[in-house]
1. Taking the Cα centre of each part, how many Å lie between region 176-190 and region 53-101?
2. Counting only C-alpha contacts under 8 Å and six or more residues apart, can you give the relative contact order of region 154-222 as a whole percent?
3. Let me have the relative contact order for region 7-149, percent, based on Cα pairs under 8 Å that are six or more residues apart.
4. Treat the count of other C-beta atoms within 10 Å as a stand-in for reagent exposure and order His192, His126, His90 from fewest to most.
5. Where does the charge balance sit around Asp93 when Lys and Arg score +1, Asp and Glu -1, over other residues with C-beta under 11 Å from its C-beta?
6. Fully extended, how many nm does the chain gain between Gln62 and Ala205 (0.36 nm per residue separation, minus their Cα-Cα distance)?
7. Using the Cβ atoms and a cut-off under 11 Å, what net charge is assigned to the surroundings of Arg74, where Lys and Arg are +1 and Asp and Glu are -1?
8. Which parts of region 14-43 would a label at Trp110 reach, counting a residue when its backbone N lies under 17 Å from a point 7 Å out along Cα-to-Cβ?
Amino acid sequence: MGEPVEYRDISAAIAPTGMVARGGFVTTADDALEMPDGRSVRSVVIVGNIGGAMWKRFRDEQQPGPHPLDRWTRETLAPIAATFSAAFVHPSDQPFRPFQRWAQRADDVWPSPIGMLIHSEYGLWHAYRGAFLFAEPVRGLPSVGNAVSPCDSCDGRPCLMACPVNAFTAAGYDTVACASHVGSGGDPDCLHEGCAARRACPVGAGRRYDADQMLFHMRAFVGT
Ligand code: B12
Ligand code: SF4
Ligand code: SF4
């Protein structure tokens, strides 16, 4: 067994990529997670992006071909995970790992009425780019459970009022209605300006993605 891994060292190794360590958690038997060599996973560290901090580096380094952001995040993060003897999983790896449930154990984020997790400072302008899986406990994980969701005290929940096709229903998120509006070019122009519901949220407005990042994600979503 090597030296115990410190969270602050993982965080420092990720920082130059423009991505950030987003906390971590110690697993339980219910997680039933295994390392590639069959050992049990003892702890998980989540990696994500906040606002546009990752974007310029991705645009500078991206390679031609399909799913350039998924490839770049994987090719950037997996070697960093390996230096800590951690396995790497990506949010698009199938079967899908429960990244949103993991994120809520790792950091103070909460489900918003529109499905995305909200952070009290970054609002809806953050996403997950990978998870490092460790066979050992990671030392110095940040504590969680110190804050409450901004949605609890949000006046009028403007996110729910902004969608032109009421895609957020009691039964869940209506992907078909959403994608057909985004592809139609109708007003509001969610394709070029980003999801109107997400933009209506006042929390973390200063972290909103720029036009290039917004269009990239919306085009990836509707496949254009
Ligand atoms: C499949 C998928 C989709 C599908 C279907 C989503 C659905 N609700 O049915 C499609 C392609 C439609 C989709 C769309 C989007 N997605 Co998506 N998606 C995923 C993916 C790859 C798997 C989801 C899953 O089944 N997980 C497995 C289950 C077991 O995990 P879970 O944590 O328990 O599942 C949670 C979610 O299902 C969530 N949920 C329920 N309803 C909704 C509705 C929405 C809109 C979202 C985002 C989540 C959500 O509740 C569950 C419990 O917490 C995840 C990554 C991942 N691995 O989780 C991203 C993920 C959930 N997506 C994400 C995002 C950002 C989006 C988009 C906003 C992308 C964009 N355009 O920028 C859009 C939403 C469209 C819009 N209005 O803009 C982020 C959310 C980040 C956050 N802050 O929470 C994730 C985590 C990916 C990432 N890289 O960070 N997505
Ligand atoms: S608009 Fe209000 S309810 Fe909607 S996500 Fe933002 S803080 Fe939460
Ligand atoms: S992208 Fe547009 S149509 Fe889709 S959920 Fe957001 S506001 Fe509604």
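1. Using only Cα atoms to place each centre, the spacing works out to 28 Å.
2. Working: 62 pairs, mean separation 23.4, N = 69.
Computed over region 154-222, the figure is 34 percent.
3. Values: 229 pairs, mean separation 49.4, N = 143.
It comes to 35 percent, rounded to a whole number.
4. Working: His192 13, His126 24, His90 19.
Fewest to most other Cβ atoms nearby, the residues stand as His192, His90, His126.
5. Working: positive: Arg74, Arg97; negative: Asp70.
Combined, the nearby Lys, Arg, Asp and Glu give +1.
6. Working: separation 143, 0.36 × 143 = 51.48 nm, distance 2.69 nm.
Going from the current span to full extension adds 48.8 nm.
7. Values: positive: Arg71, Arg129; negative: Asp70, Glu75, Asp93.
That works out to -1.
8. none
Values in this text are rule-based calculations from the coordinates and carry no lab data. Remember, predicted model here, so these are calculated numbers, not experimental data. Neighbour counts run over all protein chains shown; Cβ positions are idealised from the backbone, glycine included.
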